[in-house]
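The values are calculated or read from the model by the stated rules, or taken from the named source; none is laboratory data. All values derive from a computational prediction rather than experimental measurement. Every residue, glycine among them, receives a Cβ derived from its backbone with ideal geometry; neighbour counts consider all protein chains shown.
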Amino acid sequence: MHNDVVESQQVRLIVRVAFVLGSIPTRNDQETDLHRAIVEKKDWLGQQADSVSEELARRHAGSAVSVHLMYSWTSQLSVNGVEWFATKPPGIMSRRYFYQGKQWSGEWMRRIVDWQPDLVHWQMNSYAYTFYMASRIMVRQGIPYVYQHHGPHLARKPWVRQILKYPHRHAARGIYLTREHERAYREGLGLDADKNTVIPVGYEEKFHLMDRETCRSATGLVGNPILLWCGGLSERKDPITVLQAYGRVAEKYPDSRLYMVGYGPLETRVRQLVSTHPELQNRVILLGYVNNDRIPEMANVADIFVLGSHGEGFSIASMEAMACGAFPVLTTLPCFQEQTSDGRYGLLFEPGDVAGCAAHLDRAMGDVAFRESIRSQLPDVMTRYGWKHAAGRLVTLYEEVLGIAPTTHE
């Protein structure tokens, strides 16, 4: 059992995040790809783990962070001082595999308990039964835990909600990305508002203002204005609405260019749309996969950043672009309302609304004074979302749960 107050020198915090198969971007199922995904920081998980580890080291000598996740290849890695434990699950965690899921969840949690964490940061809430099983083990072991939701929607099935009540109500704290997400879970599961807090995910500090001419030369991007898309070509991101909207105004701005970074199941349809519409030909450039290290320069060159998302956790891509000064044209999702201060620092349209998106693109492209007045403010506005800021809030929350205070200072 853990003492009510833990000596700071003994504190070991575990950032416990689980993904299923391809949730961390990889090109196949080999361990080397897991390593590359972490090292290249293609996913927010590696960024969060590194930032929390650095903040803990600054505040508490001898602290440690580990990450435990589901992956299609069982392996163990150490990157930037963070221990990564990847475990292959036995199968799909559904009601059909109820006993298998129960047995495997218990074995997995025993491995985590063997790591002797003082606190577990749980981020795998979509697997309701695994969360339930793990929470009962943590309660029995006396290990405090916090959970963090990244999905915007509470499960609709009554039996899933019933399972979720126990782990949510026994958690020391609940972390949500937006106020709307927090409200939905609090009302849907009958949670205590005093135990909930809103802490968005962050973005890397390498996304900041740079010299635009230098970035133009480095990227080779041309256009006036330059529009940038960074996201998967999927139904959820909805590139079709954005392309149709851009097509309505593109001929009004013949020198404009839309660069699209990303790939996905709609790629063939996107290419067909571009190739069969003269107003899009030679103006839309599909770049596919681009290494994350090149994105800051591209975002600095961009005048406008656009996405058509129907669902997001908190959208790191939009934060990165805005931190580099790209004017945002986004949908009315809670995360985008949060990032733009309800449209004060950008333009928002309803998901799937081609006319609304076109109108906002027209204004952002045509009203240069308006666009530039917002662009000049964005880098300062977005500092509140950097990983350093987010990690500081997370570690402060850990300290409150554990009843400790920092022992080292800068």
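Brief remarks on what is shown
- Selection within region 57-75: residues that are outside any loop (DSSP other than H, G, I, E, B) and surrounded by 16 or more Cβ atoms within 10 Å (Cβ to Cβ). The member of this set that is modelled with the lowest pLDDT is Met70.
- Sole exception among (1) modelled with pLDDT under 75; (2) out of contact with any strand residue (DSSP E or B) (no Cβ under 6 Å at 6 or more places or on another chain); (3) not β-branched (Val, Ile, Thr) for Glu107, by number: (1)
- Selection of region 289-309 for residues being in contact with a strand residue (DSSP E or B) (Cβ under 7 Å, 6 or more places away or on another chain) and surrounded by fewer than 19 Cβ atoms within 10 Å (Cβ to Cβ) yields only Val290.
- Residue match in region 149-160 (condition: more than 30 Å from Asp362 (Cβ to Cβ), out of contact with any helix residue (DSSP H, G or I) (no Cβ under 8 Å at 6 or more places or on another chain) and surrounded by 18 or more Cβ atoms within 10 Å (Cβ to Cβ)): yes
- Unique match (being surrounded by 15 or more Cβ atoms within 10 Å (Cβ to Cβ), modelled with pLDDT of 80 or more and out of contact with any Leu (no Cβ under 7 Å at 6 or more places or on another chain)) among Trp122, Trp84: Trp122
- Every residue from region 242-288 that is in contact with a strand residue (DSSP E or B) (Cβ under 8 Å, 6 or more places away or on another chain) and of a type in the set (Ser, Thr, Tyr): Tyr246, Ser256, Tyr259, Tyr263
- Being crowded, with 22+ Cβ neighbours inside 10 Å, of a type outside the set (Ser, Thr, Tyr) and either out of contact with any Gly (no Cβ under 7 Å at 6 or more places or on another chain) or modelled with pLDDT under 95 (or both) is a property that Ala321 has.
- In region 125-148, the residue that is surrounded by the fewest Cβ atoms within 10 Å (Cβ to Cβ) out of those that are part of a helix (DSSP H, G or I) and under 21 Å from the mean Cα position of the chain (by Cα) is Ala128.
- Wholly within region 277-394, helices (runs of 4 or more DSSP H) carrying at least 1 residues that are free of Cβ contacts under 8 Å to residues at least 60 places away in the same chain, at negative phi and of a type outside the set (Gly, Ala, Ser): 334-339, 354-366, 368-375, 378-381
- The residue pairs whose first member lies in region 204-220 and is in contact (Cβ under 8 Å) with a residue 40 or more places away in the chain, whose second member is surrounded by fewer than 17 Cβ atoms within 10 Å (Cβ to Cβ) and among the β-branched types (Val, Ile, Thr), and whose beta carbons are closer than 8 Å, counting only pairs six or more residues apart or on different chains, are Arg216/Val222.
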